[in-house]
1. So if each residue of separation counts as 0.36 nm, and I subtract the Cα-Cα distance between Ala145 and Ser29, what length gain in nm does that give?
2. For the pair Gln46 and Val121, what calculated FRET efficiency results from E = 1/(1 + (r/R0)^6), where r is the Cβ-Cβ distance and R0 = 22 Å, to the nearest 0.05?
3. Express in nm, to one decimal, how much length is gained between Leu66 and Leu6 on full extension, taking 0.36 nm for each residue of separation and deducting their alpha carbon distance.
4. In a shell of Cβ-Cβ distance under 13 Å around Ala25, excluding Ala25 itself, what net charge do Lys and Arg (+1) and Asp and Glu (-1) give?
5. What is the fewest-to-most order of Tyr65, Tyr74 by other Cβ atoms lying within 10 Å of their Cβ?
6. What ranking of Ser106, Ser70, Ser51 emerges when the number of other C-beta atoms within 10 Å of each C-beta is taken as an exposure proxy, fewest first?
7. Between Thr128 and Leu36, take the C-beta separation as r, use R0 = 25 Å, and let me know the FRET efficiency to the nearest 0.05.
8. With the crude spin-label approximation of a point 7 Å out along Cα→Cβ, what separation in nm comes out for Leu18 versus Arg84?
Amino acid sequence: MYGIVLAGWASGSPYPLLGGLRSAAQVISYEIAMGLSIIGVVLYAQSMATSGIVAAQAESGWYFYLLLPSFVIYIISMVGETNRAPFDLPEAESELVGGFHTEYSSMKFAMFFLAEYTNMVIVSAFATTLFLGGGMFPFFGPDAAINQAGGRCCGSSRRCASCCSASSGYAARSHGSATTSS
């Protein structure tokens with residue numbers, strides 16, 4: 001958000017500054033709704049750690065259907081925050097001014113778009129972690145072989161014997177035991 005306002009201010013023209021303020025207001029408004037939708041996931045999973053949220057989804061089911069209103073609010077906020085249609089108001093195609101990046105061209109303009117597409121990847125990955133089970137494959141239990149690829153620990157002490165090997169060292173560290181592997 002600071003980058004958008006500073007980019008509009010640094011251009012030296014009043015119109016990109018107004019476009020930057022408009023973009024910042026839009027980002028703030030959608031991030032409030034996005035944060036409120038995340039609160040439902042944290043309360044239901046009883047953990048703020050992403051590994052704990054994924055482990056809780058492995059036990060009770062994916063949150064996109066258990067917390068459908070939160071998922072819909074998150075998806076709408078995600079589209080709005082990344083300035084995709086129909087929420088592309090800061091671009092202002094009907095005006096002569098293209099928003100906060102009006103005075104930028106070439107590599108500076110490309111860096112704005114790189115940051116915008118990077119933001120889309122990040123919020124999509126966050127949606128996958130929060131609502132779509134993270135790296136867990138659908139319709140398979142947490143003990144299925146396909147969900148054990150890579151030797152990841154589930155994060156739950158109840159199922160640790162079935163999905164985490166004691167010799168991995170990760171299971172011992174993550175569950176607080178004193179044993180470590182060499």
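Read-outs throughout are calculated quantities, based only on the coordinates presented, and are distinct from any laboratory measurement. This structure is a prediction, so every number in the text was calculated from the model and none was measured. Using ideal geometry, Cβ is built from the backbone for each residue, glycine included, and neighbour counts are taken over all protein chains shown.
1. Answer, rounded to one decimal: 37.5 nm.
2. 0.20
3. Extending this stretch completely gives an extra 17.6 nm.
4. Around Ala25, the charge tally is -1.
5. By the 10 Å Cβ count, ascending: Tyr65, Tyr74.
6. The most exposed by this proxy come first: Ser106, Ser51, Ser70.
7. 0.80
8. Between Leu18 and Arg84, the label points sit 3.0 nm apart.
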